[in-house]
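Asker: The structure is given below, and queries will be raised subsequently.
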Amino acid sequence: MNEQTIVLASGNPGKLREFAQILQSFDFEVVPQSQFKVPDVAETGLSFVENALIKARNAALHTGLPAMSDDSGIEVDALKGAPGIYSARFAGVGASDEDNNRLLLEKLKGVADAKRTARYHCVIVYMLHANDPMPLICQGSWEGRILHKSRGEHGFGYDPFFYVPTHDCTSAELLPAVKNDLSHRGLALRALQAALSANLS
């Protein structure tokens, strides 16, 4: 497979850090859209898939290069799937991780541990060009539970409250390499890597 450049449609520092760690083994160069001064686009979709498509198409349109994007978030069963696609702006546009986590805990006040089940979702989209009629779409999910208090210093977003039963710790307590092996984003990116290798070879 010939090496090619793929634009990464994301400006989230935490996501970019994780992408960089996971994409080291990819056989192509992945460059963040900021290097091309790609303008942000409104995420007006009603699903992770729709929003990922919107962002990838925007990056491809402004650069003329293949683009990939993810849309991800956390789904809490006791909140009927919220915050979902609004995870990054759960407490409002421009909300910090602390703001979002504070609101999440507030809404889960009084909910028993057994009913605080949740999962992270990630959808990754790859488009050859802005009008690609058959984009590659890969996804990953990660099951867990929301704790009452934060634990750990790694990760970002809801990680300090996302308890991982298989490792008896929060996502924020996992070393980055371990998190990348387990996480929704790691699963989705590895699926994309396999799909790209098959399609671009």
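The values are calculated or read from the model by the stated rules, or taken from the named source; none is laboratory data. Predicted model only: the values in this text are computed from it and were never measured. Here the Cβ positions follow ideal geometry from the backbone for every residue, glycine too, while neighbour counts run over all protein chains shown.
Asker: For the structure I just gave you, tell me whether residue 49 is touching a residue at least 60 places away in the same chain (Cβ under 8 Å) and among the β-branched types (Val, Ile, Thr).
Answerer: So residue 49 fits the description; yes.
Asker: For the subset of the stretch 47-86 comprising residues that are closer than 17 Å to residue 130 by Cβ and in contact with a Gly (Cβ under 6 Å, 6 or more places away or on another chain), which member is surrounded by the most Cβ atoms within 10 Å (Cβ to Cβ)?
Answerer: Top of the filtered list is 51.
Residue-by-condition table, conditions (1) in contact with a helix residue (DSSP H, G or I) (Cβ under 9 Å, 6 or more places away or on another chain); (2) in contact (Cβ under 8 Å) with a residue 12 or more places away in the chain; (3) not hydroxyl-bearing (Ser, Thr, Tyr):
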{"position": "27", "(1), (2), (3)": "yes, yes, yes"}
{"position": "39", "(1), (2), (3)": "yes, yes, yes"}
{"position": "54", "(1), (2), (3)": "no, yes, yes"}
{"position": "68", "(1), (2), (3)": "yes, yes, yes"}
{"position": "78", "(1), (2), (3)": "yes, yes, yes"}
{"position": "86", "(1), (2), (3)": "no, yes, no"}
{"position": "101", "(1), (2), (3)": "yes, yes, yes"}
{"position": "125", "(1), (2), (3)": "yes, yes, yes"}
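Table: residues versus (1) of a type outside the set (Ser, Thr, Tyr); (2) crowded, with 21+ Cβ neighbours inside 10 Å.
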site: 96; (1), (2): no, no
site: 106; (1), (2): yes, no
site: 111; (1), (2): yes, no
site: 126; (1), (2): no, yes
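Asker: Do we find a residue being assigned to a helix (DSSP H, G or I), at pLDDT 95 or above and of a type in the set (A, V, I, L, M) anywhere in the stretch 136-151?
Answerer: There is no residue in the stretch 136-151 that is assigned to a helix (DSSP H, G or I), at pLDDT 95 or above and of a type in the set (A, V, I, L, M).
Asker: Would you list the helices (runs of 4 or more DSSP H) that sit entirely within the stretch 1-108 and hold 2 or more residues that are modelled with pLDDT of 95 or more and more than 26 Å from residue 197 (Cα to Cα)?
Answerer: Filter on the stretch 1-108 gives 97-107.
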